[in-house]
């Protein structure tokens, strides 16, 4: 990896990106499947960088909480892997799906084993297993995010969770479908409640960049304790790179070249292993569900800094 | 990227890997769809590392020529991208396919645009376009491989090419199918001849590790001239990481963590950007078409050296 | 239609068929997804013929109640069509599916509109719509079957319904999935309760042959009143012929040549338009879910009598 | 089957239908994938009825030759079944496909065995097998059509065949694809030549209604000899009903209620078993490839006469 700028020079890079984004507002639209998300202004933009030592800084709305949504799938995966290890991989794969994030097609051809932990079906399996092991998957996730971000005010957004539940037929279909193959342990309504609460966490770019730090630190948490082995932290980065941005993972790897995970709230986290973590937020999404300004900002970041895993 | 060993210490690492592979011979079987491949002894094993300056060394059968097959798709992609640039991406995608390498299903749902350049359909499109631009795609490839490897004796294997053609109905189906969508320029028989000759190149681990060097050198050829921009070289690494090992790209990224490309002849090339390139060969394949001992050796290499893009 | 035997000679035909079936017991196995069905002896066999005037006679276990299951889909379709007419066809198609009865794949490609009313997804839609129009779909069905069969003792089997519900994840997935496309009116739990009760009706060959009579009488009920227009009765026969036996409709048309509908309880109803209706029962199923002895008996019936729509 | 009008009263029925069709010209468009078909006036309309004794009469352009196209698949099937019998069904199924006529998707999931003889893949298999048995499939078909229609001038249309070949990539893909599964005997170019010539036959409504007569006569040819057993003739009618009108077989059965087979030249043949055969022609097609006025005319015919298999 060629490093053209040291971390301490990231600040001007962020400022330059923010200016560029402001000059050319993106064309994306906020997710509209639930009212709580649709109401956000698509021109909002924030970006934060967290260094391994916990330093964090940013530009724009980097301290504004937004709905983390699918970004939480990374943390749930880490928390479950830390508990059950490779046994998880018998219940969910780690291959790109080549299909939209909420498709049932592949699930049927592959007998109820989701392709990877970052499509909805896979995240439901991971949440189910974490819930079996902890008795409170959504609570476990929240505690982890609070500790890693150092922000004790992080919380589930009850309105968003309720809205998700009210529009949750597709996820209910996925959960019942996998249950019909014996790949779900908990009652479907219990699982869905956990899943919707988990996705509803509201957090800022600063919070999420910090919370992702363990992936830049090869598995070490903010307090210095080890969550995952070095090898397992690398594996999560690999799954993020190949499967982290819905059906656009190849394009994201091509443009950005970093492990990343997006959410329909407009956020994207990314990892420069060994160096730093990033979180960018802007609610306007492209047709594949990724933040338009968010991808553009990360693209600029890797171009300007020369940082990329390739 | 944490580097636990400098390049000059790779030699003992290779020796240790070779010993381990010898002690635990893999369970894979050679490709058997054409006789020329089926005849190889699955226990053969070779591995080479090439440094950016052209130094190359290896273990086992690292100087033994084998059928490069799909590994050539990387070079054809580079040669065409060098000529037509991003216009190529209107004719082939860069997303993982989530389907076997020779599937027609996705191609139908997506109107004749293959998912990426490393499934057969995509490589047919790239070869077709390179042929239109050069008048001799297979010849262009061979010249490139000779120059980069410094081995003027590299050649197409006429017997293998003829054998491929005799068992080429599936590729003929793919080519005609895409032609029906207007995504093929040359007559299908001309294209197939080019494609089968291209795949038939016989080369050793040493040859292919050297020929891949431009991807470790960020686009610079062996003679110091630039083939691709830094950005485009990174993009090829990204496509290799997300799509390079058939329907096992996620698993390969997870275990090995390097951009790689496999072929049914049992070879795999891999790139440590900025540091070195590798080629490993062993004819026994797993059910997804990747060399069993080859993947194991690369897995050990990244574990022992700590080299990985994550 | 060439009629080689008049209805009054059907009796010896049935006896001959029963003898043949007894001599060569089929190889099928009872449905085993719920215990209540799995317990049935696969060698049981009954067959009944009902003439348009209400005369009914049979052989073997023709008065033994069995679980009607998917056979009820025909009656629910008729009851809903009688109420809402062609508007139904905007919510469910009438094309063969080319897929197993409980597949979600096609449903996704076709945006939540099931292929036909006889796959589970389609029957859920029809039940949902009948329930909206009557407030009690399962009760409406039961009342109809009692009146047409003249058997006031017909009833839902609460144990079977409960067992279906306990193993109902696949149907729950289908219902939620269609609800996500806006193609379900009632709350999914309400719909599933109606659906499972409807399928659980226990009836004999005699009961079901009589209840099917309106299709041989071109839409006229047992009491002489008109349920459906002549044209609509023909249309139901057409849907039965093209879609009535799961993924084996072509084979059934080819062998038997009559509109028919099978259930996983081992029953099959069939219609000779203008002449008679049949019901055959034997619990051993083939791999596509149709009664082995049932199909064989109907095949013999059309061969021996020359009756067939072709 | 209720017969409301005797055959001798069909003439006024045809005249009434022709008047209605003329008053409400359809909205369909001619097939445009080859110029020879695209040039036809979509308002042309002809319809003929042939009685089992060889009497034929019609209305409109019933003596105008048009391109028979897929209608020939019925005759090729009959000719091959007459030769090899049920062994054919190991190489082609008899189930509705649930997919467009030229789809490769299902073929891949089902290992190169086409769903039925009336989709292109299935017709290629039947032609291949007939060619192996006769040495001249297209010639055998032409001889049969001449004899049954009594029209010695029937001929292949070389221009249409050449045009099909020039736009034949999709069929070439299907043939190579099945060859890759070992389900094609002859070299693909030989097969395609036979197939395109076969489809190119130009014939009139009168010719095709007469040539279809063996299906109304339960297997007996025009000269009184037997082509197929009664049972096998019924089976072809069954396959026509379930699979004869591309992906609209259910709808055709529902509206028309007769075994039928359409072609993209705008023709449709239909069978009233034991009574008569029909052929209607009008070049304007609906989006599923069936003649708009043709389906409407057959719909009116069965409504006005009460003839239908249901």
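Only Cα pairs within less than 10 Å get springs; with that Gaussian network setup on chain A, which residue of A:122, A:274, A:265 has the largest fluctuation? Fluctuation is largest for A:274.
Just tell me how shielded B:103-111 is by partners: mean number of partner chain Cβ atoms within 10 Å of each residue's Cβ, no decimals.
Partner-chain Cβ atoms within 10 Å, mean over residues of B:103-111: 4.
Ranked from shortest, the separations from the 7 Å Cα-to-Cβ label point of residue B:287 to its equivalents in the other copies are 1.7, 3.6, 4.0 nm. Approximating the spin labels as points 7 Å out from Cα along Cα→Cβ, the residue A:190-to-residue A:32 distance works out to 3.8 nm.
With a ≥ b ≥ c the root eigenvalues of the C-alpha gyration tensor of the stretch D:109-240, is it rounded (a/c under 1.5), prolate (a/b larger than b/c) or oblate?
Values: a/c = 2.15, a/b = 1.36, b/c = 1.59.
Here the stretch D:109-240 falls in the oblate category.
Computed from the C-beta positions of residue D:166 and residue A:147, the FRET efficiency with R₀ = 45 Å rounds to 0.05. Taking Cα atoms only, the orientation of helix A:137-149 departs from the longest principal axis of chain A by about 20 degrees.
Efficiency by 1/(1 + (r/R0)^6): what FRET value for residue A:231 and residue C:225, r their Cβ-Cβ distance, R0 = 56 Å, to the nearest 0.05? Write down the numbers at each step before the final one.
Values: r = 75 Å, r/R0 = 1.34.
Approximately 0.15, to the nearest 0.05.
Computed from Cα atoms, the angle from the helix C:188-199 axis to the main principal axis of chain C rounds to 10 degrees. For the stretch A:7-305, the spread of Cα positions along the three principal axes, ordered from largest to smallest, is 53, 40, 36 Å. When the square roots of the Cα gyration tensor eigenvalues are ordered a ≥ b ≥ c, the ratio a/c for the stretch B:182-303 is 1.5 or more and a/b does not exceed b/c, which makes its shape oblate.
Spacing of the modelled spin labels on residue C:41 and residue B:11, each 7 Å from Cα toward Cβ, amounts to 8.2 nm. The mean count of C-beta atoms from other chains within 10 Å of the C-beta of residues in B:83-94, rounded to a whole number, is 1. Averaged over the residues of C:256-262, the number of partner chain Cβ atoms lying within 10 Å of the residue Cβ comes to 2. When D:57, A:246 are arranged by Cβ crowding within 10 Å, least crowded first, meaning fewest neighbours, the order is D:57, A:246. Cβ crowding within 10 Å ranks C:303, D:302 as C:303, D:302, fewest other Cβ atoms first. Quote the relative contact order of the stretch D:1-160 in percent (integer), defining contacts as alpha-carbon pairs under 8 Å separated by 6+ residues. After rounding, I find 15 percent.
Sorted from fewest to most neighbouring beta carbons within 10 Å, what does the list D:195, B:33 look like?
Numbers: D:195 30, B:33 12.
Ranking D:195, B:33 by Cβ neighbours within 10 Å, fewest first, gives B:33, D:195.
Once you've got the GNM for chain B with C-alpha springs shorter than 10 Å, pick whichever of B:70, B:262, B:231 has the biggest mean-square fluctuation. Maximum among the listed residues: B:231. Most tightly packed first, judged by the mean number of other beta-carbon atoms within 10 Å of their residues, the peptides C:179-187, B:166-174 read B:166-174, C:179-187.
Hey, what does the equivalent ellipsoid look like for the protein assembly as shown, semi-axes from the Cα gyration tensor as sqrt of 5 times each eigenvalue, largest first, whole Å?
Rounded to whole Å, the semi-axes are 58, 38, 27.
Using a Gaussian network model of chain B in which every pair of alpha carbons under 10 angstrom is joined by a spring, one finds that among B:134, B:277, B:72 the greatest mean-square fluctuation is at B:134. With a/c under 1.5 counting as rounded, go ahead and sort the stretch D:175-253 into rounded, prolate or oblate using the C-alpha gyration tensor (a ≥ b ≥ c being the square roots of the eigenvalues; past the cut-off, prolate if a/b is larger than b/c, else oblate). Taking the square roots of the gyration eigenvalues as a ≥ b ≥ c, the stretch D:175-253 is prolate. Remark: relative contact order (chain B) = 29 percent; criterion is Cα-Cα distance under 8 angstrom and separation of 6 or more residues.
Relative to the dominant Cα principal axis of chain B, helix B:10-23 is inclined by about 80°. Each label was represented as a point 7 Å from its Cα along the Cα-to-Cβ direction; for residue C:83 and residue B:55 these points are 8.3 nm apart. Sorted shortest first, the separations between the residue C:20 label point and its copies elsewhere in the assembly read 4.1, 6.7, 7.9 nm; each point sits 7 Å from Cα along the Cα-to-Cβ line.
Since every read-out is calculated from the coordinates, none of them should be taken as a lab result. As the structure is a prediction and not an experimental result, all values here were calculated from the model. Because the Cβ atoms are built from the backbone with ideal geometry, glycine has one as well, and the counts that use them run over all protein chains shown.
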